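Engineer: Please read through the structure below; I'll follow up with questions.
Any read-out appearing in this document is the output of simple, stated calculations on the displayed coordinates, not a laboratory observation. On a predicted model such as this, the values are computed, not experimentally measured, just so you know. Don't worry about glycine lacking a Cβ; one is built from the backbone with ideal geometry, like all the others, and counts go over all protein chains shown.
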Amino acid sequence: MGLNLKVKLGNVELQNPVMTASGTFGYGDEFNDYIDINRLGAISVKGTTIKERQGNKIPRILETPSGMLNAIGFQNIGVDRFIKEKYPYLQTLDAKTFVNITANSIEEFGELAKKLDDLDKIGGIEVNISCPNIKEGGINMGTDPIMASKVVAEVKKNTKHHVMVKLTPNVTDIKVIAKAVEDSGADSISLINTLVGMAVDLKTRRPKIANVIAGLSGPAIKPVALRLTWEVFKTVKIPVVGMGGIENATDALEFMIVGARAIQVGTANLYNPLASIEILEGIEKYMIENNIKDINDIVGTFKVD
């Protein structure tokens, strides 16, 4: 009997639990020279907005100890070009595609969901609620449970697709946000998005990132991501997808043990294009060595005395 690596995120089945994280894997085809993307469980494409965006001024990326700061500013080709130029390739993949969307108002989220609703070959929509609501005075939608609920409800109203909601760690109690999006109809939750950070140039006494504030990702945030994944897993009934500093199979398996049904590989893709496949192969090796037939048997097996 072979290994079962299939996992289910609600009504969406992935051939294995290894996904790539939005913003670190482009639109998939950029990695064709390095890996066989068809072997992955899913990819989450670059954050997509209503209109094409050029992003923030440079410098907007910086290596930090065990991590990376970035303030790209959602540079992307916009939803219409995505549908016309990228979707034809993505629909040919064995790996599922999740379209990550971001917007500056609840209404824009609904409009994006509606535009994507006719794409029958995508696995779902990943809703990035870590953005300011311009109409509401710049309040971050991912830090306010009422606003987060409204975003999810609006997206659900405009799509038949699986709706995954990506949570920010920059909150007092992530469990409150997780429960709010679940109650509003989210089909799954992914976490964590980047932590908020900055860097200072000692010589000039100026910020090293033009935007001043940036998102911290990479191995440095893994302990935080593990803790928050565990807390959310204990709080909600819908599937949880974990991410944050995953660079090898051990990291991935730790997230699954604390409750993640699937994992996303992010920053590691930027310094090791083979990371996602190496993680998949490492998970398979672990299962064989430990006589585990079904990957789902380790999900949520974390023990606390």
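Engineer: Using only the Cα atoms of region 155-216, what semi-axes does the equivalent ellipsoid have when each is the square root of 5 times a gyration tensor eigenvalue? Give whole Å, largest first. Write down the numbers at each step before the final one.
Structural biologist: Details: eigenvalues 239, 34, 11 Å².
Semi-axes, largest first: 35, 13, 8 Å.
Engineer: Sort largest first and round to whole Å: the equivalent ellipsoid semi-axes of region 127-267, each the square root of five times a Cα gyration tensor eigenvalue.
Structural biologist: Numbers: eigenvalues 134, 92, 27 Å².
Three semi-axes, in Å: 26, 21, 12.
Engineer: Okay, next question. With a ≥ b ≥ c taken as the square roots of the eigenvalues of the C-alpha gyration tensor of region 1-135, please select rounded if a/c is under 1.5 and otherwise prolate if a/b is larger than b/c or oblate if it is not? Before the final figure, lay out each step's value.
Structural biologist: Working: a/c = 1.76, a/b = 1.29, b/c = 1.37.
Cα axes put region 1-135 in the oblate bin.
Engineer: In whole Å, what are the extents of region 210-305 along the principal axes defined by its C-alpha atoms, from largest to smallest?
Structural biologist: Here the spans come out as 50, 33, 24 Å, largest first.
Engineer: If you take the beta carbon distance between residue 288 and residue 204 as r and set R0 to 51 Å, what does 1/(1 + (r/R0)^6) give as a FRET efficiency, to the nearest 0.05?
Structural biologist: Numbers: r = 53 Å, r/R0 = 1.05.
Approximately 0.45, to the nearest 0.05.
Engineer: In 20 Å bins starting at 0, how do the alpha-carbon pair distances of the chain split up by percent?
Structural biologist: 35, 59, 5, 0
Engineer: Can you tell me the dipole magnitude for region 220-305 around its Cα centre, using point charges on the Cβ only (Lys, Arg +1; Asp, Glu -1), in Debye to the nearest 20?
Structural biologist: Numbers: 8 positive and 11 negative charges, 75 e Å.
Dipole about the Cα centre, nearest 20: 360 debye.
Engineer: Of all beta bridges DSSP finds with both residues in the chain, what is the antiparallel percent, to the nearest 5? Display every interim value, and only then the final one.
Structural biologist: Numbers: 18 of 46 bridges.
Given both bridge residues lie in the chain, the antiparallel proportion sits at roughly 40 percent.
Engineer: Once you have the Cα-Cα distance between residue 33 and residue 176, take 0.36 nm times their residue separation minus that, and quote the gain in nm to one decimal.
Structural biologist: Details: separation 143, 0.36 × 143 = 51.48 nm, distance 4.21 nm.
Difference between extended and current length: 47.3 nm.
Engineer: Give me the one-decimal nm value for the distance between modelled label points at residue 248 and residue 213, 7 Å along each residue's Cα-to-Cβ direction.
Structural biologist: In this crude spin-label approximation the distance works out to 3.5 nm.
Engineer: Work out from phi, with θ = phi - 60° and the Karplus expression 6.51 cos²θ - 1.76 cosθ + 1.60, the ³J(HN,Hα) of each residue of region 69-74, listed in order in whole Hz, and give x for Gly and Pro.
Structural biologist: These are the phi-based 3J(HN,Hα) values: 9, 9, 9, 5, x, 6 Hz.
Engineer: Hey, can you rank 292-299, 47-54 by average C-beta count inside 10 Å, highest first?
Structural biologist: Working: 292-299: 15.9, 47-54: 18.1.
Per-residue mean Cβ counts within 10 Å order the peptides as 47-54, 292-299.
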